[in-house]
1. What does the charge count near residue 120 come to, summing +1 for each Lys or Arg and -1 for each Asp or Glu among other residues with Cβ under 9 Å from its Cβ?
2. Would you work out which of 225, 88, 152 lies farthest towards the positive end of the dipole of the chain? Charges go on Cβ: Lys and Arg +1, Asp and Glu -1.
3. What shape does region 43-103 have by the C-alpha gyration tensor, where a ≥ b ≥ c are the square roots of the eigenvalues, rounded means a/c under 1.5, and otherwise prolate means a/b greater than b/c and oblate the rest?
4. May I ask for the net charge around residue 46, where only other residues with Cβ less than 12 Å from the Cβ of residue 46 are counted and Lys, Arg are +1 while Asp, Glu are -1?
5. Between residue 170 and residue 39, what is the spin-label point distance in nm, taking each point 7 Å from the Cα along the Cα→C-beta axis?
6. 222 nm [θ] for the chain, helices only, -39500 (n - 2.57) per DSSP H run of 4+, per residue, to 500?
7. Kindly provide the Kirkwood hydrodynamic radius of region 21-139 in Å, to one decimal, from all pairs of distinct alpha carbon atoms.
8. For region 95-244, just the Cα atoms, rotate onto the principal axes and tell me the three extents in Å, largest first.
Amino acid sequence: MTTALAMRQVSFTFPGWPPVVQGADLDVQAGEFRCLVGRSGCGKTTLLKLAAGLLQPDAGSIVRDSREIGFVFQSPTLLEWLRVEDNVLLPVSLKRRVTPADAAQAHALLEQLGLGAHARRYPRQLSGGQQSRVAVARALILRPSLLLLDEPFAALDAITREELQHDLLELCRAQGTTVVFVTHDIAEAVYLGDRIGVVDAGRVVDEIAVPLPKPRATGVRSSPAFTQACAQVRAAMHLDTVDA
Ligand SMILES: Nc1ncnc2c1ncn2[C@@H]1O[C@H](COP(=O)(O)OP(=O)(O)O)[C@@H](O)[C@H]1O
Ligand SMILES: [Mg+2]
């Protein structure tokens with residue numbers, strides 16, 4: 001197996017503040033869908049930015065087997081003056097002239113994400129879920145081998161979120177994309193992940209393999225194995241003793 005991302009004893013501190021990431025280790029295999037879960041403020045976003053190279057570690061090493069990295073932020077961050085298709089093509093146009101093949105790829109991605117008919121619209125003419133889909137398409141336009149997502153669906157309603165989770169899984173499976181997906185939603189992590197890393201105090205403190213077959217049908221969410229995996233993650237996060 002090839003390692004797509006290896007973080008070793010990585011530390012990071014914002015100057016003048018206590019350390020945010022401390023001795024973090026993370027190994028992600030090529031083609032794996034890895035989720036990271038943890039409480040708000042535990043350092044998930046910082047870990048992901050370090051993985052992306054958007055922040056530089058103070059100590060430790062980060063090795064990526066990837067020329068092209070896609071990043072999806074928590075809010076869609078679309079450019080409101082660009083049409084949907086041009087938002088998707090933005091990473092290309094920042095690098096070079098957009099070719100007809102690029103445009104065709106953008107339309108194919110939009111089609112796969114159920115937005116084929118919306119390519120000429122502007123972001124304000126889309127729902128929140130549709131805007132998130134555009135952000136996913138934009139992150140995939142350069143065919144990154146590594147895709148990093150930071151709670152991309154957190155602001156969406158439960159039904160829209162489940163639809164997007166399903167479509168993201170299918171797209172990444174089809175393209176063989178390696179994924180690191182940060183969330184604080186345990187069911188989301190279990191539905192998507194091959195493995196789940198539990199983050200606490202700026203480190204990955206536990207790792208749980210999800211014993212559910214792929215591709216994952218939507219119905220898997222109501223299976224006993226799914227419930228059991230959620231309980232296992234809750235226990236690893238020490239949420240098992242919290243009263244309902
Ligand atoms: N620019 C910054 N300057 C100082 N502290 C920060 C900055 N960004 C984040 N932090 C702190 O780092 C910790 C981890 O933040 P973050 O990685 O965003 O956590 P998470 O994504 O898990 O909610 C938090 O305590 C947060 O307040
Ligand atoms: Mg965050």
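Every number here is computed from the coordinates shown, using simple stated rules; none is lab data. Keep in mind it's a predicted model, so treat the numbers as computed, not measured. Here the Cβ positions follow ideal geometry from the backbone for every residue, glycine too, while neighbour counts run over all protein chains shown.
1. Values: positive: 83, 121; negative: 85.
Neighbour charge sum, excluding residue 120 itself: +1.
2. Of the listed residues, the answer is 88.
3. Details: a/c = 3.51, a/b = 1.80, b/c = 1.95.
Verdict is oblate for region 43-103.
4. Working: positive: 44, 49, 203; negative: 58, 150.
Net of charged neighbours comes to +1.
5. 3.8
6. Working: 7 runs with 83 residues, N = 244.
Estimated from H runs of four or more residues: -10500 deg cm²/dmol.
7. Hydrodynamic radius (Kirkwood, Cα pairs) of region 21-139 is 16.3 Å.
8. 55, 29, 27
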